[in-house]
1. Around Asp83, with a cut-off of 12 angstrom between Cβ atoms, what is the net charge of the other residues, counting Lys and Arg +1 and Asp and Glu -1?
2. Compute the relative contact order of region 197-386 as a whole-number percentage, counting only Cα pairs closer than 8 Å that sit 6 or more residues apart in sequence.
3. Over all distinct Cα pairs, what is the inverse of the mean 1/r for the chain, reported as the Kirkwood hydrodynamic radius in Å?
4. Give me the mean projected area, in nm² to one decimal, of the convex hull enclosing the Cα positions of region 157-279.
5. How high is the relative contact order of region 204-265, in percent, counting Cα pairs under 8 Å that sit 6 or more residues apart?
6. Under the Kirkwood approximation applied to all pairs of distinct alpha-carbon atoms, what is the hydrodynamic radius of region 197-386 in Å?
7. Would you please classify the overall shape of region 99-204 from the alpha carbon gyration tensor, given that a ≥ b ≥ c denote the square roots of the eigenvalues, rounded means a/c under 1.5, and beyond that prolate means a/b larger than b/c while oblate covers the rest?
8. Sorted by packing (mean other beta-carbon atoms within 10 Å per residue), highest first, where do 257-267, 115-125, 289-299 land?
Amino acid sequence: MLILVINAGSSSLKYQLFDMENESVLAKGNCERIGIDGKISHKQLIKGVSYEAETKMDNHEQAMKVVIDALMSDEHGCIKSMDEIGAIGHRVVHGGSYFFESALVTDEVIEKLKLCYDFAPLHTPAHLMGIAGCTAAMPDKPQVLVFDTAFHQTMPAKAFMYGLPYDIYEKYGVRRYGAHGTSHRFVSAEAIKLLDKPAEDTKIVTCHLGNGSSISAVKGGKCVDTSMGFTPLAGVIMGTRTGDMDPAAVTYVMNKTGMTPDEMSEFMNKNSGFLGIGGFADCRELCAKAGEGDEKATLALSMLSYQVRKYIGSYAAAMGGLDAIVFTAGIGENTVGLRRAIIEGLEPFGIKLDVEQNEKGFRQSNIMTLSTPDSAVKVFLIPTNEELVIARDTRDIVSKL
């Protein structure tokens, strides 16, 4: 079965076409500037052929038609007919309290997804447009939604509740939801395979570190806590996001500056974090400046390593032990010095980093063990593959129809 995986943004549509017989990617690409002028960047991986073009796309339906044309092209395509595609899988950022697992698209599911608008106002409309575009372009194809928040729905109430009056949770759904769940789910499952013990006995901390970062505690294959909260603003310091902070500091700054709630939200989401402390949102630029001796860049990086280390320690305590630490995503997979800084601070707990092996963990696609053989806890580098999780869930759900 061929599965088309879609990740729709407000003005973009990323895609990958999977052959689920061997879970290989046949083609992938991105439609950008939808509704403005339009551009497609497409790569056919069988022959290694790339294609780019400026193409008018007024909406996601037109973008899907452009994607279909690219996939069926004689020059850079990989299929002869749309009949070869068995189903479509969509990445969805937020499923609220309505979706505990992936779901087949139905009218009822769409109505529930609309109820999640307030939880992800930047993402949910884009997801709905992506689904509508696929429905218009391929009306006979089953579609499946895979939610970033679903993996975290196994958290107990003591982990997801806030100390607000209970009726705020009941009326407005204010609680910890987390994010990056598809990534945490993938890498924790891969880590379980590497541990010499029953899956139900495993205790793993997964560190998804990128421009947006989150840490999760995974016990027996299920999430029991995660660092991101009601929104992806919570947790560790990120590219442009504050991470955790005293809520009173927010109202204090608003009173001092005169910012409105919306302005303050944008300030904390887009003007803070690495950018606000060190002057650069991109970790690569930040590392370069720190290497030159820039004090603020060094501070921003040390804040991240310190905060990640605290989460690892607290989650080990929450789970009653720790078998493995997993690094994944852009920063986690490629920032050698940051991984070293995090693990070196954990050596009193018997966690030992293989420094030479860690140095090799840069821009590669293989799973690596970064800890020494005598380390009390395994340390893994596991490249994430959220699209493959979406393709697998889509195949599993559609195969039962």
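Just so you know, all these numbers are worked out from the coordinates, no wet-lab data involved. The shown structure was predicted, so the numbers you read here are calculated from the model rather than taken from an experiment. All Cβ positions, glycine included, derive from the backbone under ideal geometry; neighbour counts span all protein chains shown.
1. On the way: positive: Lys80, Lys141; negative: Glu84, Asp140.
Summing Lys and Arg as +1 and Asp and Glu as -1 gives 0.
2. Numbers: 350 pairs, mean separation 38.3, N = 190.
Computed value for region 197-386: 20 percent relative contact order.
3. Working: mean 1/r = 0.0448 Å⁻¹.
Result for the chain stands at 22.3 Å.
4. Working: hull surface 36.6 nm².
That works out to 9.1 nm², a quarter of the Cα hull's surface.
5. Values: 75 pairs, mean separation 12.5, N = 62.
After rounding, I find 20 percent.
6. 17.3
7. Working: a/c = 2.75, a/b = 1.22, b/c = 2.26.
The shape class here is oblate.
8. Values: 257-267: 12.2, 115-125: 16.4, 289-299: 14.8.
Sorting 257-267, 115-125, 289-299 by mean packing, highest first, produces 115-125, 289-299, 257-267.
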